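Below you'll find the structure, written out as structure tokens, and then a few comments.
The values are calculated or read from the model by the stated rules, or taken from the named source; none is laboratory data. Not measured: the values here are computed from a predicted model. Glycine also receives a Cβ, built like all others from the backbone with ideal geometry; neighbour counts cover every protein chain displayed. Heads up: the accessible areas ignore ligands, DNA and RNA and are worked out on the full protein's heavy atoms, side chains in. Shrake-Rupley method; radii C 1.70, N 1.55, O 1.52, S 1.80 Å.
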Amino acid sequence: MTKKINLFANLKSDFASGLVVFLVALPLCLGIAMASGAPLFSGIISGVIGGIVIGYLSKSHISVSGPAAGLTAIVLTAISDLGAFDIFLTAVFIAGLIQLGLGFIKAGSISNYFPTNVIEGMLAGIGIIIILKQLPHAFGYDNDFEGDQSFLQMDGSNTFSTLLGVFDYIQLGSVVITIISLLILIAWDKVSFLKKLKLIPGALVAVVIGVVLNEIFTLSGSSLAIAKEHLVSLPVPTSFDEFKTIFVTPNFSGIMNPKVWIVGLTIAIVASIETLLCIEASDRMDVQKRYTDTNVELKAQGIGNILSALIGGLPMTSVVVRSSANNNAGAKSKMSTIIHGILLLISVVAIPLILNKIPLATLAAVLLLVGYKLAKPATFKHFWEKGKYQFLPFIATLLAVVFTDLLKGVVLGIIISIIFVLKGNLKRAYSFRKEQYADGDIIHIDLAQEVSFLNKAAIKSTLNDIPENSKVVIHAHDTVYIAHDILDLIHEFKTTRAIDENIKVKLKGFKKAYRLENSGETPNKVTFEHYYDAAQRKTIKREIILEELTK
């Protein structure tokens, strides 16, 4: 029986963390919508649904859903190819239905096969991306949109060239506010009496002080005043009719367009994989080590994307940046995610003018700390000490995530992990030992618990190198599974080459199902019998092997 969750049990800590996630999510929702070529409010709509609807339906306690940077290029291209945003919404609706179906067929179970070092490499890579992408905003250079995670940017530049371009666009007011915000955030984590103020998150204090400082700079006519283009830019409806235009419904006339279905399928697959990766990462971050039902998560994401499409929102996934901010802020349950969605909704309706006074530099400071916690030096040290088989997939995933994208990075990490597993499996499938006895050498080959066809080449090479006139004992006491290829190889060695080269072969511990009889204590002998095969209408000569060795 599933334990019923009390959403209000940790309301104090969840409200504080929800507030932090709201502050992080607001500019990300707007930035991703802008980069996607979609109406700005479409990002807010998906953020609200991702928080309230998916937050409620999901079984994850930490993850936060919303518009994802990983879908930006797909959305931008799709809107252009389909010719209208309302037709694109039909594709999002289809994507939601597909995700719902994936949940019912339990496709979420594939997340169990993501290696830990790859997930940690993905998180560290995203942490480095956040730091590299937020440094320009911290200095007042806001050329790139909030939430961008691509190394190659849409304007033809890249992450490094943008960083170098910072020196030509430094805004001193932004630098001052970034430094003060960072000091507040660090102090809130380190100073004991400030840590006790759990109801007041450090991010909120940093934002309030950032707004107040910039207002003082502006009213005093200081050169440190931050211009409007370096502040949050939430659209402000001036009338009820203008507010109604925020909501766009799908144009279902495009349902017969094959392109719409291709876009829908693409979004469903990419969004589902990114969600499963984020859920796995969120479970890794969760200090209480709770595990999420990924099949329920896919259903929740499907319902969320269906609703988002119906009222003009972008497609969404579970997102690492927001989930990490949620965890770092001390979230205890999914109520934090729901609160962040409610705050997004209230902010759009009630206080857009106030939110538009928030400096992007302050939010950059919040995200810089999120990035650092994802890519802490201790994480690198941990995997380095675990050895190359753990470190190489970790670092390869990290670098590929930074220089390509999340999915390519994870795929590369998994491929390298599989290669190492296969390599290790080839080595561990059997052990080879030689012991000296008074009457000569006995070669022992001990088979492991599982011996697959992948071990055929190595075992074949080992058997081939056994010299003439040797004594060989092949042990299978510990085996659970031996592939037919290996059994055939052993049978052929024992019945052919061993006889030709006077190699005494003893089999020990082989199960009856293997159809290789365990050896006795008399020499190998081969005799033949003739019998008439009615099917082939001829006499067949058949070998009879006596499976025994001398002592």
Identify all residues within the range 427-451 that are of a type in the set (G, A, S), under 41 Å from the mean Cα position of the chain (by Cα) and either more than 20 Å from H477 (Cβ to Cβ) or at pLDDT 80 or above (or both); write none if there are none. A448
Condition first: in contact with an Asp or Glu (Cβ under 9 Å, 6 or more places away or on another chain), part of a helix (DSSP H, G or I) and either exposed (fewer than 12 other Cβ atoms within 10 Å of the Cβ) or among the small types (G, A, S) (or both). Can you find one or more residues in the range 210-223 that meet it? no
Based on what the data block shows, is S60 in contact with a strand residue (DSSP E or B) (Cβ under 9 Å, 6 or more places away or on another chain) and under 24 Å from G125 (Cβ atoms)? yes
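Identify all residues within the range 295-318 that are surrounded by 24 or more Cβ atoms within 10 Å (Cβ to Cβ) and farther than 19 Å from T72 by Cα; write none if there are none. Lay out the reasoning, then the answer.
We begin by selecting, within the range 295-318, every residue surrounded by 24 or more Cβ atoms within 10 Å (Cβ to Cβ); these are 297-298, 300-302, 304-305, 308-309, 313-318.
Within the range 295-318, E297, L298, A300 qualify.
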Just to be sure I understand the filter: pairs with C-beta atoms under 7 Å, separated by 6 or more residues or on different chains, first member in the range 34-60 and closer than 19 Å to G70 by Cα and of a type in the set (V, I, T), second member outside any helix (DSSP H, G or I) and open to solvent by less than 10 Å² (accessible area, probe 1.4 Å). Which pairs pass? I45/G312; I45/G313; I49/G313; I54/S65
Residues of the range 224-248 being open to solvent by 90 Å² or more (accessible area, probe 1.4 Å), part of a loop (DSSP other than H, G, I, E, B) and touching a residue at least 40 places away in the same chain (Cβ under 8 Å), which ones? F247
Check off (1) part of a helix (DSSP H, G or I); (2) crowded, with 18+ Cβ neighbours inside 10 Å; (3) among the hydrophobic types (A, V, I, L, M, F, W, C) for I62 and give me the number that stays unchecked. (1)
From the set of residues in the range 277-290 that are of a type outside the set (V, I, T) and more than 13 Å from F114 (Cβ to Cβ), which is least open to solvent (accessible area, probe 1.4 Å)? D286
